[in-house]
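All remarks here apply to the structure that follows.
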Amino acid sequence: MLHNWPIKSVQDGAGKVVSMREQKRILHNGLKLLAITFLVSCGNPVNPPPPKYTAENPPAEKPTPAAPKPPAPPPAPKTSLDELQTGKPAAASPLKDVGFNFDSAALSEAARTTLRSNADWLKANATARIQIEGHCDERGAADYNMALGAKRAQSAMDYLATLGVAANRMSTISYGEEIPVCKEKTEACWAQNRRARFVITAAK
């Protein structure tokens, strides 16, 4: 036998009769709304404030960019021997050759004028070093011409030293008659081969 139990009711603030079932529903909805509000208020803010750095919590250092690679050094200047081996002439030099008379290592006035100009360039470019090559024409014995080429290179270096070029910036070498710039058997051609040539070496 079913019993129809009476549903208890109360009056709300406005005097309306509200059943207990209705009260539970209202209470349940209120709790759900309160829970949603709490979750939203505890969530992460959209734009959090920037961190505060202290001595104990310093900011992370940015990585230092890699230093650029130094440019490749210029190619070494070519000596007369390099030219002979490769078959290619060297680039034009600011230092000019000086010529010599036949079978002589003495400096002519024209040679001294050229050497003074070369000395001015060397003093203006204080880090440059040079190698002075001594050359001869084909006449005479090979060993004699090798010695004569050495005397010509030395004569040019000694004069540059009197003009203020430091001796430790210069060196000499003799090629004798081995590397002519002209191969015709004429006096004009032989005169071109009797020379001291100046090769600028890498600066130190």
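For the range 143-177, filtering for residues that are in contact (Cβ under 8 Å) with a residue 12 or more places away in the chain and in a loop (DSSP other than H, G, I, E, B) leaves 4. Beta carbons closer than 8 Å, at least 6 apart along the sequence or on distinct chains, pair a first residue in the range 103-119 that is within 21 Å of I130 (Cα to Cα) with a second that is surrounded by fewer than 13 Cβ atoms within 10 Å (Cβ to Cβ) for A119/G164.
The test for being hydroxyl-bearing (S, T, Y) and at pLDDT below 95 holds for T201. Tell me yes or no: at least one residue of the range 128-142 is part of a helix (DSSP H, G or I), in contact with a Leu (Cβ under 7 Å, 6 or more places away or on another chain), touching a residue at least 40 places away in the same chain (Cβ under 8 Å) and surrounded by 14 or more Cβ atoms within 10 Å (Cβ to Cβ). No, because not a single residue in the range 128-142 is part of a helix (DSSP H, G or I), in contact with a Leu (Cβ under 7 Å, 6 or more places away or on another chain), touching a residue at least 40 places away in the same chain (Cβ under 8 Å) and surrounded by 14 or more Cβ atoms within 10 Å (Cβ to Cβ). Kindly evaluate T37 against the criterion of being at pLDDT below 70, in a loop (DSSP other than H, G, I, E, B) and over 30 Å from L163 (Cβ atoms). Answer is no for this residue.
The values are calculated or read from the model by the stated rules, or taken from the named source; none is laboratory data. This is a predicted model, so every value here is computed, not measured. Cβ atoms come from the backbone with ideal geometry, glycine included; neighbour counts cover every protein chain shown.
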